[in-house]
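The values are calculated or read from the model by the stated rules, or taken from the named source; none is laboratory data. All values derive from a computational prediction rather than experimental measurement. All Cβ positions, even for glycine, are placed from backbone atoms using ideal geometry, and neighbour counts span all protein chains on display. The protein model used for the area step is the full one, side chains on, heavy atoms only, and it has no ligands, DNA or RNA in it. Shrake-Rupley method; radii C 1.70, N 1.55, O 1.52, S 1.80 Å.
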Amino acid sequence: MPDQPVYSIGALTRMLGIPAATLRTWEDRYGVVVPERSPGGHRLYSRLQVEQLRFVGDRLSDGLSASDAYRLLQGRLASGVPLESARIPGGDGLLVLLAEQDPFAADFSDYFLRTEGYGVTVVSTAEQALAEAVRKIPDLVLIDLLISGARGLRLCAQLREQFDVPVLAISTLDLRDEALEAGAAAFLKKPLEPLRLVSVVRDLLGQSAYLHSESVAESSP
């Protein structure tokens, strides 16, 4: 499974607890972890880059300076020594709201998410998604952007504004920039690969378990 850029800078802020301004400063100063840029100019990080920045953050917690942490990271990368694996919590007790109008695609995602231990609520319209979110705030929302006559982008923005939960946007169309503008933490293009879907959900939900849903304002790219 190729290590594609998936995560917005706002998602990294939530996942790692590192301010977006700090991530941009490190990028400019050290040039070690450099995200790709979408056509719209948004920074997009791969899962490997998330782990590299997590490694730096952990070294800062150990008392190292940023320059020393990056020097250590560069040494690991040059020598091929693997970074420590992130301890991502299991899905027990975490709720995913799945807004998907295609019943076959909904069954597909529902099956693999439940296999990982997540609770899943499946809805097929934007109205149902908002109603379910009010009834019980989910830990993450997975939205097909073409739901309810392509109202997914508006739904994404509404859920982020009203409930401040991470949103994983998906679509058969290349709507990555539009999804990020609407506040999505990550974007995946259909058809979904089960392993990629699960790994992205686990990453985004990791912050809910570690930080107990502490909200961190997303910054512009």
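The table that follows gives values for the structure above.
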item	result
Segment 122-167, subset among the polar types (S, T, N, Q) and more than 19 Å from the chain's Cα centre (by Cα), residue farthest from residue 96 (Cα to Cα)	148
Residue list for segment 1-34, restricted to those being in contact with a strand residue (DSSP E or B) (Cβ under 8 Å, 6 or more places away or on another chain), closer than 17 Å to residue 188 by Cβ and buried (at least 21 other Cβ atoms within 10 Å of the Cβ)	6, 7, 8, 11, 12, 15
Residues of segment 98-117 classified as under 22 Å from residue 149 (Cβ atoms) and among the polar types (S, T, N, Q), total	2
Selection status of residue 39, over 22 Å from residue 7 (Cβ atoms), open to solvent by 30 Å² or more (accessible area, probe 1.4 Å) and out of contact with any Gly (no Cβ under 7 Å at 6 or more places or on another chain)	no
Segment 68-92, residues that are modelled with pLDDT under 60 and either among the hydroxyl-bearing types (Ser, Thr, Tyr) or surrounded by 10 or more Cβ atoms within 10 Å (Cβ to Cβ) (or both)	85, 86, 88, 89, 90, 91
Of residues in segment 118-138 being part of a loop (DSSP other than H, G, I, E, B), open to solvent by 30 Å² or more (accessible area, probe 1.4 Å) and farther than 19 Å from residue 191 by Cβ, the one modelled with the highest pLDDT	125
